[in-house]
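The values are calculated or read from the model by the stated rules, or taken from the named source; none is laboratory data. Remember, predicted model here, so these are calculated numbers, not experimental data. FYI the Cβ positions are ideal-geometry reconstructions off the backbone, even for glycines, and counts take in every protein chain you see.
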Amino acid sequence: MNSVKESTSPKRGLSLPVFHPDFMAEAHVASADAVLHAALDNSVTKKDYGRRISLAELPDADGLRQLAGDIKRHTLDHLDYYLELLERNVIKHGGAVYFAATHEEANGLIVDIARRTGSKLVVKSKSMVSEETELNDALIAAGIEPLETDLGEFILQVDNDHPTHIVMPVIHKNAAEIGKIFARYFKTPFTDNPQELAEMARVYLRNRFNQADMGISGVNFAVAETGSIVLCTNEGNGRMCTTRPRVHVALMGMEKVIPALDDLPVFLKLLARSASGQALTQYTNIITGCRRPGEHDGPEELHLVIMDNGRSRILAGEYRDTLRCIRCGACLNACPIYRKVGGRTYGSVYPGPIGALLTPLFNGLENHKHLPHASSLCGACFEACPVKINIPEFLIKLKRDEVRQGITKRPERTIFKLWAWGLQHAWSYRLGQVVQRVVLRSIGSKDGWIKKLPGPAAGWTAQRDFPMPAKHDFRYLYKQYRAGEKRGK
Ligand code: SF4
């Protein structure tokens, strides 16, 4: 856990911030971290179980997932059309729309809006895309105070830490750690009582909501047909951020648009179920335009910032379907690797199976060459995904790209070339079998297990034993069996 905390200063210059580039080194530390495992077991496993139960209650969950995936695919195939439609309809309802090509542009636009409206304190609801742009740093650099109001994000902000799960950002900390953070921050006696901790944050944040000039939110879905922004939250802070301050800025990746209001229930039925096993999140906000005459709440100004930041490049290639992601986190909860190493190991803002895809796609495979291998390819992520992104298939394609781009090391390439050649000829295949049987049996113990493999294979036995091959192979035994049969006749 401690070494995890050391690696919190992100590097930039890429589409996504990188907290550390070395998956293997972090995985070694995290896989031995008992506190992290307890925290993950306590939350991730339960959420995955909840997802299964909750989806089983639907009459045709698989059909609904297919429909959601099809709607997303259709939208991505006609993204220019739906983004223009969204823009027209937001403007029609009194909002303003901006397109940002990069994260720097998106941050710059938001800072400009804050300056123009004289906003000094900005309250934020949870938004992964603002983590992607490192919006808080940009606001602070401009002399504007950002305040996270989602409880998990607030804890991370006061501890100068980063989220490690798409939906449950503070999953890597237990109540005792949070108690210490709050005791330090609020200068109060230590408590690890979750209710008391939540109450401390609630009282503090409530007061600050009243002082804020501007609220910033992400966007779960943007409905092109009506120009509506949909926010799904569980804490109500999203509603406070978007209604209490006089200015609301919503920041979205351009893939978040959906065609029509009729499509929304499909995603609402799946999002909360997939994320946490709930039928719906506690709050589902559909925001269409700013405050109208006679209304009691809502912002005077609504600004929608639609960001590309590398998405067009992904859209144009064979990985387009990865942009269907609705950031539910179900693939993280289902993934046996994520459950062992936690989110920080993945090194960027998007962890888990979808992060193993998105991070190299955004930042370049050469900068994250371990991530396509951070998977057992068991298919649990594909099975969990509410929009049916075939993550294992895309990970295999990224591995193929590694070879094509010459990113894999020469010895590895040579070994696999030899292996492929050996499998193409019956004689070399048989010879290889004989050699490996003789070698492995010579280093095995009497109990039938090999404790230490030689050369590059030693990594396998560093963590586990390897079974010794049988004295005779199947081909030999089969021949013996047939010979016995003939004799029997
Ligand atoms: S890839 Fe699928 S399961 Fe994973 S976060 Fe995205 S929508 Fe959810």
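If I go through the stretch 312-324 residue by residue, how many of them are away from the ligand (no atom under 14 Å from the Cβ) and outside any loop (DSSP other than H, G, I, E, B)? If you could, list the steps in order and put the result at the bottom.
Taking the stretch 312-324 and keeping what is away from the ligand (no atom under 14 Å from the Cβ), we get 312-313, 315-318.
If we keep only those that are outside any loop (DSSP other than H, G, I, E, B) as well, we get 312-313, 315.
Within the stretch 312-324, residues that are away from the ligand (no atom under 14 Å from the Cβ) and outside any loop (DSSP other than H, G, I, E, B) number 3.
Taking the conditions exactly as written (among the acidic types (Asp, Glu), part of a helix (DSSP H, G or I) and crowded, with 19+ Cβ neighbours inside 10 Å), does Glu87 satisfy them or not? Can you show your working first?
Values: among the acidic types (Asp, Glu): yes; part of a helix (DSSP H, G or I): yes; crowded, with 19+ Cβ neighbours inside 10 Å: yes.
Taking the combined requirement at face value, the residue satisfies it.
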Worksheet item: Scanning for something at negative phi, within 16 Å of the ligand (Cβ to nearest atom), out of contact with any Pro (no Cβ under 6 Å at 6 or more places or on another chain) and not in a helix (DSSP H, G or I), does the stretch 330-344 turn up at least one residue?
Response: no
Fill in: Residues of the stretch 345-354 that turn out to be more than 9 Å from the ligand (Cβ to nearest atom) and closer than 26 Å to Gln278 by Cβ, as a count
3
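In the stretch 348-355, is there at least one residue being part of a loop (DSSP other than H, G, I, E, B), on the phi < 0 side of the Ramachandran plot, in contact with a helix residue (DSSP H, G or I) (Cβ under 6 Å, 6 or more places away or on another chain) and touching a residue at least 12 places away in the same chain (Cβ under 8 Å)? If you could, list the steps in order and put the result at the bottom.
The first filter runs over the stretch 348-355 and keeps only residues part of a loop (DSSP other than H, G, I, E, B), leaving 349-351.
Retained after the next criterion (residues that are on the phi < 0 side of the Ramachandran plot): 349-351.
Keeping just the survivors that are in contact with a helix residue (DSSP H, G or I) (Cβ under 6 Å, 6 or more places away or on another chain) gives 349-350.
Within this subset, residues satisfying the condition of being touching a residue at least 12 places away in the same chain (Cβ under 8 Å) are 349-350.
For the stretch 348-355, residues part of a loop (DSSP other than H, G, I, E, B), on the phi < 0 side of the Ramachandran plot, in contact with a helix residue (DSSP H, G or I) (Cβ under 6 Å, 6 or more places away or on another chain) and touching a residue at least 12 places away in the same chain (Cβ under 8 Å): present.
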Practice prompt. Output yes when any residue across the stretch 368-387 is within 15 Å of the chain's Cα centre (by Cα), part of a loop (DSSP other than H, G, I, E, B) and among the hydroxyl-bearing types (Ser, Thr, Tyr), and no when none is.
Written response: yes
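Can you spot a residue in the stretch 442-453 that is more than 16 Å from the ligand (Cβ to nearest atom), part of a helix (DSSP H, G or I) and not assigned by TED's automatic domain parsing to the domain that holds Thr75?
yes
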Item to complete: Find the strands (runs of 3 or more DSSP E) located wholly in the stretch 165-277 whose residues include 3 or more that are buried (at least 16 other Cβ atoms within 10 Å of the Cβ) and within 15 Å of the ligand (Cβ to nearest atom), and list them.
Response: none
Item to complete: Say whether the condition of being modelled with pLDDT of 95 or more and at positive phi is met by at least one residue in the stretch 163-170.
Response: no
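Does any residue of the stretch 301-309 turn out to be within 15 Å of the ligand (Cβ to nearest atom) and touching a helix residue (DSSP H, G or I) at 6+ places or on another chain (Cβ under 6 Å)?
Applying the first criterion (within 15 Å of the ligand (Cβ to nearest atom)) to the stretch 301-309 yields none.
Scanning the stretch 301-309 turns up no residue that is within 15 Å of the ligand (Cβ to nearest atom) and touching a helix residue (DSSP H, G or I) at 6+ places or on another chain (Cβ under 6 Å).
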Fill in: Evaluation of Glu295 against (1) away from the ligand (no atom under 14 Å from the Cβ); (2) over 15 Å from the mean Cα position of the chain (by Cα); (3) touching a residue at least 60 places away in the same chain (Cβ under 8 Å) (one fails), failing number
(3)
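Please verify whether Ser217 is modelled with pLDDT of 95 or more, within 20 Å of Ala114 (Cβ to Cβ) and among the hydroxyl-bearing types (Ser, Thr, Tyr), treating the condition exactly as stated.
Numbers: modelled with pLDDT of 95 or more: yes; within 20 Å of Ala114 (Cβ to Cβ): yes; among the hydroxyl-bearing types (Ser, Thr, Tyr): yes.
Taking the combined requirement at face value, the residue satisfies it.
Scanning the stretch 25-36 for residues that are more than 18 Å from the chain's Cα centre (by Cα) and either not β-branched (Val, Ile, Thr) or not in a helix (DSSP H, G or I) (or both), which turns out farthest from Ala176 (Cα to Cα)?
Here is the first cut: in the stretch 25-36, the ones more than 18 Å from the chain's Cα centre (by Cα) are 25, 28-29, 31-35.
Applying the additional criterion that residues be either not β-branched (Val, Ile, Thr) or not in a helix (DSSP H, G or I) (or both) yields 25, 28, 31-34.
Details: Ala25: 26, His28: 24, Ser31: 21, Ala32: 20, Asp33: 16, Ala34: 15 Å.
Here the answer is Ala25.
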Worksheet item: Which of the residues spanning the stretch 358-368 are within 15 Å of the ligand (Cβ to nearest atom) and touching a Pro at 6+ places or on another chain (Cβ under 8 Å)?
Response: Pro360
Fill in: Considering residues of the stretch 403-414 that are touching a helix residue (DSSP H, G or I) at 6+ places or on another chain (Cβ under 8 Å) and either outside any loop (DSSP other than H, G, I, E, B) or within 16 Å of the ligand (Cβ to nearest atom) (or both) only, the residue nearest to Val44 (Cα to Cα)
Val403
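Which one of these is of a type in the set (Lys, Arg), surrounded by fewer than 24 Cβ atoms within 10 Å (Cβ to Cβ) and more than 14 Å from the ligand (Cβ to nearest atom): Arg327, Arg400?
Details: Arg327 fails: more than 14 Å from the ligand (Cβ to nearest atom).
The match here is Arg400.
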Worksheet entry | Matching residues in the stretch 194-211 - criterion: being over 29 Å from the mean Cα position of the chain (by Cα) and farther than 30 Å from Gly298 by Cα | Glu196
Item to complete: Look at the stretch 463-473 and say how many of its residues are within 46 Å of the chain's Cα centre (by Cα) and surrounded by 10 or more Cβ atoms within 10 Å (Cβ to Cβ).
Response: 7
